[in-house]
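Taken together, the values in this text are just the output of simple stated rules run on the coordinates, not laboratory data. Here the structure is a predicted model, which means the values were calculated and not measured. Note: ideal-geometry Cβ built from the backbone for every residue, glycine included; neighbour counts use all protein chains shown.
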Amino acid sequence: MSVRKGVHAITPPDDNYLKIKKPKSIAAGIPAATSSMLHGIKKMGVTKTIKTLTTVNQPTGFDCPGCAWPDPEHSTTFEFCENGAKAVADEAMKGGVNPKFFSKYSVQELSEKSDYWLNKQGRITSPMILPKGKNFYEQISWDDAFNLISSRIKDSDNPDRSVFYTSGRTSNEAAFLYQLFARSLGTNNMPDCSNMCHESSGRGLGEAIGIGKGTVTLDDFNYADVILVIGQNPGTNHPRMLTALRDAKRKGAKIIHVNPLPETGLVRFKHPQDYMKLSFGSEQLADLHLQVKIGGDAALMHGLTKVQIELDALDHDFIKKSTDGFELMLNNVASTSWKNIEQDSGLTRFQIEKAGRILAQSKASIACWAMGLTQHRNGVAVIQEVCNLMLLGGHVGKQGAGLCPVRGHSNVQGDRTVGIWERPSESFLVRLDEACGIVSPREHGVDVVEAIKQMRAGDVDLFFCMGGNFLSATPDTLATADGLTKVKLTVQVSTKLNRSHLVTGETALILPCLGRTEIDIQKSGEQFVTVENSMGIVHMSQGGLKPVSNNLRSEPWIVASLASNSLDDKRDWLQLVENYDNIRDLMSKALHGFDNYNDRVRQDNGFALPNPPRDSRSFNTPNGKAQFVSHELPDVKIDGDKFVMMTIRSHDQYNTTIYDLHDRYRGVHGNRRVVLMNASDMTDRGWKTRHIVDIVSHFEGETRRADGWQIIAYDIPRGNIATYFPESNVLVPLDSTAAKSNTPTSKWIVCSLLEPGQSDSEEE
Ligand SMILES: Nc1nc2c(c(=O)[nH]1)N[C@H]1C(S)=C(S)[C@@H](COP(=O)(O)OP(=O)(O)OC[C@H]3O[C@@H](n4cnc5c(=O)[nH]c(N)nc54)[C@H](O)[C@@H]3O)O[C@H]1N2
Ligand SMILES: Nc1nc2c(c(=O)[nH]1)N[C@H]1C(S)=C(S)[C@@H](COP(=O)(O)OP(=O)(O)OC[C@H]3O[C@@H](n4cnc5c(=O)[nH]c(N)nc54)[C@H](O)[C@@H]3O)O[C@H]1N2
Ligand SMILES: [Mo]
């Protein structure tokens, strides 16, 4: 079986002229305010824009589907965020993708449109089926859709031939039911977007401090002396974090930005709301920018650790009482030479010592990071190096200090807490089984990369996706496409059209669901759901807009209906969704830390989940201590004229959803097929801006190719380049993953840049 004839698995480029402007030096401000209003008005109209933008992150409103950064003022005023507004406007679009739309375009024709165009068509309004051998989606009833899925499940002799993916917008209630359904069926095959995202943080922190989550609250930012922002672009991806950084800075904190790019948000920031107070100045955020080479963070951490030791900036009491592995770590770092550190990090000893001194003087430091650390071969190791640095000074479990992995999707952390995990712990399963009267399978399930391999081997009959865009978010687009087309039935629970609806199994279903912004009415009346933010606070979310179509269903209802249709168990699944309090009552029994869930989540601002390092400076590791974990530096050498490529987000996208074609802060407009490159690397080759190249990636003797990219000179270290994902995912090798977390190395892809049509010596 192959991809339906003529279907494009990769987005065709939008044929727009590339306009290059000077990168911006100030983030947010009036342009951001205008941009979000315009996005809103263009997509939802004026009245709906005002209604939506004033109910986001309010006590009675919905949780912003943008990112997982906590809201300081959940109970007071609306915190303005340009990209949050875009996410909301994008979801609140009209229902343009209706049965008539699907009868107009075949899947082949749709696949000739770009990802930007697909998303722009509006919300999906009805359940649709793409029958085996057909090229047009047809309308199907909810009942028939469930019957089809359950007959697929029943025809399969082995529950492990079904795979259940989750993207991170799914509420706690839906996610809990979903994992209960999969485990009742007999499989732990629950890959999720976290496998491609903060899995390295979860693994690294779990081993080091006994919990796979961060240890700070938002309030800690008010007491920090130093904040490290490593491998993260908050101006675009977590704009509300800039407010916390600005406030911390006003209270005297120093900010150190570690990034191969001078990301605009960290250079200067102008709070949009300050314009209303007639204050027009902008504020510098980062005190120091350490422009590491891609993959140079481990070397930098060794350098910073050396400086702390030399200056004796150590919390000896804490180290002695609460940690293990200190001596080993000390010897390991001592054996790394400064020469090696300078070479691998691309920074000078002088720069590192300067940063080291700032850290050494700090009584309370916070380390924040995101994809710049996790999506590397040594993602788990480098996070543990950051952890080592923080443990040295006792910067864990005290006010103003701690570890802060900044999560992406707005409920990715909650989904994991309530059981979306292919490798559940025994203690989690024991409690779940007892509370729910099931016997969960103990064998671990597949993660994202393993799921693709299993599909390619023909071992998957049903692939069910709770949200997301599996085809375009995963590495190695053509390998994933090959896998997906070998599945018998693929099912997408979705709000918007994307390429995963076009490259499908033999038969495909689209089940359209309510979004965060919409009113959810079940038998007992209007419902709310709950989510967990990046700092472990669980709170309510309730949409206020009329659903775009009366044929949409809520995610909890979809899971419950499917379970009730496919399982022969005694549970009254439909009764559970008549009133979501029923689900939460079951969750109270089944999950650690969720006692009296229904009461506590109704409190203003919700409640905090237990976090031993933060709550009591205790560590749930085998010996009860925080672990210094030592690692050799990774080998970051690459052959002569090759480049290391990182795949990053532009300012106008949400993962695979392309809102528009501008990367305003970086000054790139109208075209996404670009390569950011160091000007000296360009002159060496005699290339000018807009020169067209083909990119070939190299991994273990294999090559992958993507043609036709325009070069832009940019402030990026020599030997490094950057491209936008998902366009560049075709170049990310499926087997190139981080040790232990199996996260695709989306920030470390070794590439050659070639003249158009030129072949690479390593290509077959
Ligand atoms: N508007 C918007 N918001 C989003 C998203 C979105 O797409 N759009 N996505 C959401 C999701 S799911 C996530 S996970 C987060 C992602 O948030 P980020 O992690 O900020 O997203 P990326 O664009 O992947 O940016 C990675 C940053 O790491 C840097 N970097 C790359 N390699 C290295 C390295 O080796 N070392 C260091 N020190 N830095 C490096 C890059 O220059 C870039 O600044 O954002 C969430 N929020
Ligand atoms: N090369 C490269 N690849 C990457 C990354 C990278 O940095 N570089 N980042 C990785 C990361 S961090 C992540 S998190 C993944 C993201 O992977 P995914 O989560 O799979 O992808 P998204 O693009 O966020 O999914 C968008 C789709 O979700 C659906 N959707 C939106 N809201 C809802 C909702 O409320 N309910 C339901 N059911 N569906 C909804 C819409 O149909 C939309 O088209 O991508 C990863 N891929
Ligand atoms: Mo993510």
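Before moving on, here are some points about what is shown:
- The stretch 528-580: Cα Rg divided by the 2.2 N^0.38 Å rule of thumb: 1.41
- Under 12 Å from LYS134, Cα to Cα: aspartates and glutamates that are on another chain or at least 8 residues apart: GLU506
- Of every Cα-Cα pair in the stretch 324-430, the percent that sits beyond 24 Å: 40
- The residue list GLY210, GLY379, LEU228 was ranked by how far each Cα lies along the charge dipole of the stretch 199-406 toward its positive end, using unit charges on Cβ atoms, and LEU228 comes out on top.
- Size of electric dipole in the chain: Cβ of Lys, Arg +1 and of Asp, Glu -1, about Cα centre, debye, nearest 20: 1960
- Whether the stretch 643-754 is rounded, prolate or oblate, judged on the alpha carbon gyration tensor where a/c under 1.5 counts as rounded: oblate
- Sparse-neighbour loop sites [trypsin sites (Lys or Arg not before Pro); the stretch 446-523; at most 16 other C-beta within 10 Å; DSSP]: LYS523
- The order of MET587, MET682, MET371, going from fewest to most other C-beta atoms within 10 Å of their C-beta, is MET682, MET587, MET371.
- Its Cα centre serving as origin, the stretch 656-736 has a Cβ charge dipole (Lys and Arg +1, Asp and Glu -1) of approximately 340 debye.
- Rounded to the nearest 20 debye, dipole of the stretch 413-456 from Cβ charges on Lys, Arg, Asp, Glu: 140
- Taking a sphere under 9 Å around the Cβ of ASP63 and counting the other residues whose Cβ falls inside, with K and R at +1 and D and E at -1, yields a net charge of 0.
- Kyte-Doolittle mean at least 0.0, axial Cα span of 18 Å or more - DSSP H helices of the chain: 30-44, 172-185, 297-310, 379-392
- Cα gyration tensor shape of the stretch 548-684, rounded if a/c is under 1.5, else prolate or oblate by comparing a/b with b/c: oblate
- Spatial separation of Cα centroids for the stretch 393-417 and the stretch 508-530, in angstrom: 29
- Mean-position separation - Cα centroids, the stretch 142-203 and the stretch 643-661, in angstrom: 27
- Neighbours of SER362, meaning other residues whose beta-carbon lies under 9 angstrom from its beta-carbon, give a summed charge of +1 when Lys and Arg score +1 and Asp and Glu score -1.
- Over all projection directions, the Cα-based convex hull of the stretch 199-406 averages an area of 10.9 nm².
- Overall form of the stretch 348-405 per C-alpha gyration tensor (a/c, 1.5; a/b vs b/c): oblate
- Given LYS363/LYS398; LYS339/LYS747; LYS154/LYS589; LYS100/LYS120; LYS254/LYS320; LYS43/LYS86, the pairs whose alpha carbons are separated by over 18 Å: LYS339/LYS747; LYS154/LYS589; LYS254/LYS320
- Share of Cα-Cα pairs in the chain lying beyond 39 Å, as whole percent: 32
- Within-13-Å neighbourhood charge of LEU118 [Cβ basis; K, R +1; D, E -1]: 0
- Whole-percent P(r), the stretch 558-623, all Cα pairs, 5 Å bins from 0: 3, 15, 17, 17, 15, 12, 8, 8, 4, 0.
- Between the stretch 221-271 and the stretch 301-346, the Cα center-to-center distance that results, in Å: 25
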